[in-house]
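One structure below.
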Amino acid sequence: MKPSVGIEALAVALPRRTLHLEDLARARGVDPAKFIAGLGVREMAVTDPGEDSVALAATAARSLLEANRIDPTSIGMLAVGTETGVDHSKPVASFVQGLVGLPRQMRVFDVQHACYGGTAALMAAAEWIASGVAGGKSALVVCSDIARYGVKTAGEPTQGAGAVALLVSARPELLALDLGVDGTSSAHVFDFWRPLGRREAVVDGHYSIDCYLEALSGAYRDWRGKAEAREIVRRNGTSLPSEQLAAIGYHVPFCKMAKKAHARLRRCDLDDVLGAFDEIREEREGAASFERQVAGSLTLCARVGNVYTGSLYLGLAGMLDTGASGLAGKRIGLFSYGSGCASEFFSGVVGKAAAESIARARLDEVLGARERVTVEEYERLMGLPPDAPPDIAPAPGQFRFTGIQEHRRQYAAG
């Protein structure tokens, strides 16, 4: 019998400022509905130079360990998924190890593959524990990123930032993963990339959406075949395989993408299981399926924006924060996509103690501690160089970048 492995607890760290998209739309001469309804996003996180990927990752990691009273010596692996690292050689994970005070006897590394990096780190950690070589140790996985496209660009309203820390162990109070039932799909495409030396990404927007949906089709079908073989889902004629999942979370560069993704997922089932796309059935059942299975995962994402590697796991946090009690003991599905591209559809069973575990993340407090900024202040912050000296001391429990001395990045703890 395979050991139970998955996510024991999580924590979220966000920048101290947030910009409401209603304010941004008016400043750009755009109907606010184009941003809010069109993208499904109400706010986006705004960083200053003190809030880089290291500071956010270390803050989330420390919050996770303290809230759950985790002994640092019980951690044997630290993996950070990010596409906004601060050094071409030294990983974010190395900074986090030192700032948080993790032991020397552990495996420490970053994973980079656009927004998929966090999932690659999670799977490496889970399989490391399941293999038996972890020796009873847990793993700390942190997804930390800053999505930046620039002022007055097409991607401006899809920016955001934050970090999600995951404790991966053989005590999966939040989510026990269905190891070995993951579905994957990857391809060499240029839908999104960030050349060395650039702070802003290069995006082929419409093509990237097509790549996302094509990858979802392949990964979901791969997962479904394995899940049917394990009798996790069945083709019984009364419900589609995807409908047998209590909830589904998708990677969301913007929240409206989840609607496109869910429609494509159901299309795969309708085409493959019923033999044809039933448009009448989909008009009747598609919207209700989205509200039942997906909407809960967007509550946090709609108030933070794009977190690249952390977007899927911010969605998972929102899903459990709003519905852990009802999901306890039930199976959910998760889809991770990283441009370039790699994707994975995987599943797991929500733990019986998930509501208690997610409550320790104090997500309402994390959101409520933020300051609403004006568009003018947002533009000022966006215009600062990445090594500008921060003028704000770290709040209690947080880390901040403070400057560079002799080529060494310096951080302060609150």
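Worth a mention:
- Residue count for the stretch 149-181 under the criterion of being in a loop (DSSP other than H, G, I, E, B) and surrounded by fewer than 23 Cβ atoms within 10 Å (Cβ to Cβ): the result is 14.
- Qualifying positions in the stretch 244-263 - in a helix (DSSP H, G or I), touching a Ser or Thr at 6+ places or on another chain (Cβ under 9 Å) and either surrounded by fewer than 16 Cβ atoms within 10 Å (Cβ to Cβ) or hydrophobic (A, V, I, L, M, F, W, C) (or both): 258
- Residue tally, condition of a type in the set (A, V, I, L, M) and under 18 Å from residue 115 (Cα atoms), over the stretch 33-59: 5
- Residue list for the stretch 34-57, filter: farther than 30 Å from residue 94 by Cβ, hydrophobic (A, V, I, L, M, F, W, C) and touching a helix residue (DSSP H, G or I) at 6+ places or on another chain (Cβ under 8 Å): 35, 36, 39, 41
- Residue within the stretch 5-12 that is of a type outside the set (Val, Ile, Thr), modelled with pLDDT of 95 or more and surrounded by fewer than 22 Cβ atoms within 10 Å (Cβ to Cβ) present: no
- Residue 67 over 21 Å from residue 254 (Cα atoms) and either among the hydroxyl-bearing types (Ser, Thr, Tyr) or buried (at least 17 other Cβ atoms within 10 Å of the Cβ) (or both): yes
- Some residue of the stretch 272-289 being farther than 18 Å from residue 331 by Cβ, modelled with pLDDT under 95 and among the basic types (Lys, Arg): yes
- Summed over the stretch 68-110, residues that are part of a loop (DSSP other than H, G, I, E, B), among the aliphatic types (A, V, I, L, M) and closer than 11 Å to residue 144 by Cβ total 1.
- When residues in the stretch 13-35 are screened for being basic (Lys, Arg), under 30 Å from residue 50 (Cα atoms) and open to solvent by 40 Å² or more (accessible area, probe 1.4 Å), 3 of them pass.
- The combined condition, being assigned to a loop (DSSP other than H, G, I, E, B) and at positive phi, is fulfilled by residue 29.
- Criterion: out of contact with any His (no Cβ under 7 Å at 6 or more places or on another chain), modelled with pLDDT of 95 or more and under 30 Å from residue 45 (Cβ atoms) - qualifying residue of 256, 226: 256
- Restricting 51, 43 to residues that are crowded, with 21+ Cβ neighbours inside 10 Å and touching a His at 6+ places or on another chain (Cβ under 9 Å) narrows the list to 43.
- Test: residue in the stretch 208-223 that is β-branched (Val, Ile, Thr) and crowded, with 23+ Cβ neighbours inside 10 Å: no
- Filter result for residue 56 (surrounded by fewer than 21 Cβ atoms within 10 Å (Cβ to Cβ), in contact (Cβ under 8 Å) with a residue 24 or more places away in the chain and closer than 21 Å to residue 404 by Cα): no
- Against the test of being in contact with a Phe, Trp or Tyr (Cβ under 8 Å, 6 or more places away or on another chain) and either in contact (Cβ under 8 Å) with a residue 60 or more places away in the chain or crowded, with 21+ Cβ neighbours inside 10 Å (or both), the options 93, 126 yield a single qualifying residue, 93.
- Residues located in the stretch 187-219, provided they are in contact with a Phe, Trp or Tyr (Cβ under 7 Å, 6 or more places away or on another chain), in contact (Cβ under 8 Å) with a residue 12 or more places away in the chain and assigned to a strand (DSSP E or B): 203
- When every residue of the stretch 7-24 is checked against the conditions, at least one turns out to be on the phi < 0 side of the Ramachandran plot and without any contact (Cβ under 8 Å) to a residue 40 or more places away in the chain.
The values are calculated or read from the model by the stated rules, or taken from the named source; none is laboratory data. Treat the numbers as computed from the prediction; the structure is a model and nothing was measured. Positions of Cβ are backbone-derived with ideal geometry, glycine not excepted, and every protein chain shown enters the neighbour counts. Just so you know, the surface numbers come from the protein's heavy atoms only, side chains and all, with ligands and any DNA or RNA stripped out. Shrake-Rupley method; radii C 1.70, N 1.55, O 1.52, S 1.80 Å.
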